[in-house]
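Okay, so here's the structure we're looking at.
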Amino acid sequence: MGIETDNKEIISSIRENAKLLLSENQVDVIIGYSEGTVPLSSTPIIIRKEEDVDKLIWNNLCYINLARYLAPLMPQLCDSEGNSLKIGIVAKGCVGRAVNLLAVEKQIDLDNIKMIGFNCNGIVNRSKIDLEIGEKEILDVSISGDDIIVKGHNWEKKFPYDQYINELCKVCQIKSPSATDANCIGECQELESIHDEFSDIAEFESKSADEKWAYIKDALQVCTLCYSCRQACPMCYCNLCFVDQNMPTWFGKTTQFTDIFTFHLIRAQHLAGRCVACGACSSVCPVGIDLNIITRKLEKIAKERFDYTSGLNAETIPPMMDFKMEDEEEFMLEED
Amino acid sequence: MDQKRLKKDQIGKLYNELVGEYDFYAPINKKGNIAFEKIENPEDIVLDYLNSKIPPKSVLFPQNEVLFEYTLDEKDVEITDRQDLEQKILIFGIRPCDAYSFELFANFFSFHGDWKDDIYLKKKENTTLIGIGCNTPKTTCFCTSVNGNPFKKDNMDVFLTDLGDTYLVEGISDKGKGMVQKLSWLSDASKDDLKKAEELAKIAEESITTKIDVDTVVKNLETCFEHPVWDEISESCIGCGSCAYLCPTCTCFDVIDETDHYNNRGRRIRIWDTCQSCLYTLETSGHNPRDTKIQRCRNRIMHKFSYYPTNYDLLGCVGCGRCVYVCPANNDLRVILDKINKIEEKEDEKVVA
């Protein structure tokens, strides 16, 4: 019953489809998830041979958005001439969204990509569990029925699954890739539009400007600028990030609050209407900073103003990259 | 007698006695992350932690550090050197692996005596380490494979052992012995205390089950620079800097100038760098000898397990396991080293086949 059973079904469908794609030579490699070596983790893996498909897994700790390895395309996914191999990618809904958006932004050629779709059942909020356990070593994490069971040396704690998944996952409307059968094997759906209440950011929105500022300041006080949020983001694929530009240097790289805040603020702006709501930025943060509410807020604005949801298909251009004569400009300041 | 006992509720008293003389750094819980910070209130000190998320290297080698400040006029540059290097520093509650990392730092920051980083070395000279043994090492710990031990006292000035309701206090270095003697209110430790501390040390050492054959790693690295194993090792890496920033032995830094043009002044700062960054070793010509993550991941391993042994006759890893559990992609160092160790076996198999 519950999540545990769902996962078993998902795993067997992923393996079956991966095997099919490899055996029919539809793809050269499969990129998917394998079992992690420490609790609360999983490891992305590249599968090249049919007999290795049993290494592929799905559990609710597969938080990396695998589309992240497609742009810039990592060398392991290229042939000896540097051309893209045919790639199969294990795709939950937000991976599918990222793949679509990367295609729109001309970073990948969809002809080389085949998604192995399935209905994602959410990602466990690692830092929330870590924070509640505190300074005790977690030795094992498993799911039994609808509970996350966390075990240590002589102790055990249960967390109700539906409360301990990412806030984003609680309201997610796109659980399987939005794709056609032509570029997806397994579960997929063709979506024109979705109805998202954005209730995950309601609490943050209700704060005053001062309270929001205090919240962000507090969240960022532990940031080490390791850039794992940027590196994990499937939509942060610039060859040279604005913070890394040093001829001339545009932004400071110290851990003074202004530098840290500027990085996070501008990264969020670059993702305006482009966030695919995978939550990888928060899941990978080594110090547990959860600030995807900012990109979610921008996603909401893009939805309200332009009726745009990123990654629903591989054609619609994101609003910040597009221009339409009929765009309303009511936010422009009028001259007196 | 050099062995004393400190009651757990006497940490505040110890702090109050030493804070006048030293900048007192100790582990605190910062939003769920243990980090070494300058203590204002002794009640913030956390000693029953597993290991700190941010290593205590941040005290002596902070993430950004002003090297000097300068003012400019039309002709001259006037440089103001650091004035605070004589300040005494105390790092309280440091773990043996992290204390050992300062031994590696000493080599890096003085490079065989050919070149000396005065700022780091001066601060280290003025630093006293009061360490604490690890009663419960994590399963990701492997210090015993890399010349360490959960109760290694060599790099400490004073060593604490958590005996339950008290700490056993031992002066290790001359500096540490002097400090313990000065704390005249500490009561003498009993024979039972010493016996218990020994038992705890034994249990802790035995509890470290991860064993890595580092000799083979070092040997294999000599010949595997171009080996395809690096493709596999770097496969899942997302190229962030968490492994390096949270590594107690990573010392690479970048140097930047912050100039205030309006006031004709500026400062030169060093900031942590990481070999996983695309800017690392980027040359002025635009060429980067390490421009893919395959080369960057290789550099990280080579630096710790090949270049360090070659240059300093020491391993560049203290086995704290931080990189193992903070890696977002779970690219586990233990697995990486295992793959390197198996290189030859695989080649032997090929020959047989």
So, in region A:238-250, exactly how many residues are within 26 Å of the chain's Cα centre (by Cα), more than 9 Å from chain B (Cβ to nearest Cβ) and surrounded by fewer than 18 Cβ atoms within 10 Å (Cβ to Cβ)?
3
Output for region B:242-253, where each listed residue is at the interface with chain A (Cβ under 9 Å from one of its Cβ atoms) and buried (at least 24 other Cβ atoms within 10 Å of the Cβ)
B:242, B:243, B:245, B:246
Looking only at residues in region A:46-72 that are away from chain B (no Cβ under 13 Å) and of a type in the set (Asp, Glu), which one is farthest from residue A:179 (Cα to Cα)?
A:51
Just give me the residues in region A:50-70 being within 14 Å of the chain's Cα centre (by Cα) and not charged (D, E, K, R), in sequence order.
A:60, A:61, A:62, A:63, A:64, A:65, A:66, A:67, A:69, A:70
Return yes when residue A:165 is buried (at least 21 other Cβ atoms within 10 Å of the Cβ), at pLDDT 95 or above and not aromatic (Phe, Trp, Tyr) and no when it is not.
yes
Looking at region A:243-264, can you tell me whether even one residue there is within 25 Å of residue A:172 (Cα to Cα) and assigned to a helix (DSSP H, G or I)?
yes
Picking from A:40, A:21, which residue would you name as being farther than 22 Å from residue A:283 by Cβ and open to solvent by less than 20 Å² (accessible area, probe 1.4 Å)?
A:21
Residues being more than 18 Å from the chain's Cα centre (by Cα), small (Gly, Ala, Ser) and surrounded by 16 or more Cβ atoms within 10 Å (Cβ to Cβ) - total across region A:82-134:
1
Please return the ranges of strands (runs of 3 or more DSSP E) entirely within region A:21-137 where 1 or more residues are among the acidic types (Asp, Glu).
A:29-35
Odd one out for residue A:194, checked against (1) more than 14 Å from chain B (Cβ to nearest Cβ); (2) in contact with a Leu (Cβ under 8 Å, 6 or more places away or on another chain); (3) aliphatic (A, V, I, L, M); (4) buried (at least 16 other Cβ atoms within 10 Å of the Cβ)
(4)
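Pick out the one residue from A:214, A:182 that is in a helix (DSSP H, G or I), hydrophobic (A, V, I, L, M, F, W, C), over 21 Å from the mean Cα position of the chain (by Cα) and farther than 20 Å from residue A:283 by Cα.
A:214
Would you check which residues across region A:197-220 are within 9 Å of chain B (Cβ to nearest Cβ) and touching a residue at least 12 places away in the same chain (Cβ under 8 Å) and list them?
Of everything in region A:197-220, just one residue is within 9 Å of chain B (Cβ to nearest Cβ) and touching a residue at least 12 places away in the same chain (Cβ under 8 Å), namely A:219.
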Would you mind stating whether residue B:225 is in contact with a strand residue (DSSP E or B) (Cβ under 8 Å, 6 or more places away or on another chain) and either within 30 Å of residue A:73 (Cα to Cα) or more than 14 Å from every other protein chain (Cβ to nearest Cβ) (or both)?
no
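Considering each of B:92, B:151, B:159, B:102 in turn, give the residue that is in a loop (DSSP other than H, G, I, E, B) and surrounded by 20 or more Cβ atoms within 10 Å (Cβ to Cβ).
Sole residue among the options that is in a loop (DSSP other than H, G, I, E, B) and surrounded by 20 or more Cβ atoms within 10 Å (Cβ to Cβ): B:151.
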Unmet criterion (only one of (1) touching a residue at least 40 places away in the same chain (Cβ under 8 Å); (2) more than 22 Å from residue B:324 (Cα to Cα); (3) within 11 Å of chain B (Cβ to nearest Cβ)) for residue A:75
(1)
If we scan region B:62-71, do we find a residue that is open to solvent by 40 Å² or more (accessible area, probe 1.4 Å) and either β-branched (Val, Ile, Thr) or not in a strand (DSSP E or B) (or both)?
yes
Could you say which residue among A:234, A:286, A:318 is open to solvent by less than 20 Å² (accessible area, probe 1.4 Å), within 9 Å of another protein chain (Cβ to nearest Cβ) and not polar (S, T, N, Q)?
A:286
Could you tell me whether region B:63-83 includes any residue that is more than 14 Å from every other protein chain (Cβ to nearest Cβ) and closer than 29 Å to residue B:194 by Cα?
no
Residue match in region B:213-224 (condition: buried (at least 18 other Cβ atoms within 10 Å of the Cβ) and over 26 Å from residue B:317 (Cα atoms)):
no
If residue A:146 passes every condition in (1) modelled with pLDDT of 95 or more; (2) in contact with a helix residue (DSSP H, G or I) (Cβ under 6 Å, 6 or more places away or on another chain); (3) charged (D, E, K, R) but one, which one does it miss?
(1)
Look through region A:24-37, keep the residues that are free of Cβ contacts under 8 Å to residues at least 40 places away in the same chain and open to solvent by less than 60 Å² (accessible area, probe 1.4 Å), and return whichever of them is farthest from the other protein chains (Cβ to nearest Cβ).
A:34
Residues to consider are A:172, A:223, A:229; find the one that is buried (at least 19 other Cβ atoms within 10 Å of the Cβ) and either charged (D, E, K, R) or assigned to a helix (DSSP H, G or I) (or both).
A:229
With assigned to a helix (DSSP H, G or I), open to solvent by 20 Å² or more (accessible area, probe 1.4 Å) and more than 7 Å from chain A (Cβ to nearest Cβ) as the only criterion, which of B:283, B:232 stands out?
B:232
Across region B:4-55, which residue is nearest to the other protein chains (Cβ to nearest Cβ) among those that are part of a strand (DSSP E or B), open to solvent by 30 Å² or more (accessible area, probe 1.4 Å) and out of contact with any helix residue (DSSP H, G or I) (no Cβ under 7 Å at 6 or more places or on another chain)?
B:30
Any residue at all in region B:268-280 that's closer than 20 Å to residue B:223 by Cα, modelled with pLDDT of 95 or more and open to solvent by less than 50 Å² (accessible area, probe 1.4 Å)?
no
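The values are calculated or read from the model by the stated rules, or taken from the named source; none is laboratory data. Because the structure is predicted, anything quoted here is derived from the model rather than measured. Reconstructed Cβ throughout: ideal geometry from the backbone, glycine too, with neighbour counts over all protein chains shown. Just so you know, the surface numbers come from the protein's heavy atoms only, side chains and all, with ligands and any DNA or RNA stripped out. Shrake-Rupley method; radii C 1.70, N 1.55, O 1.52, S 1.80 Å.
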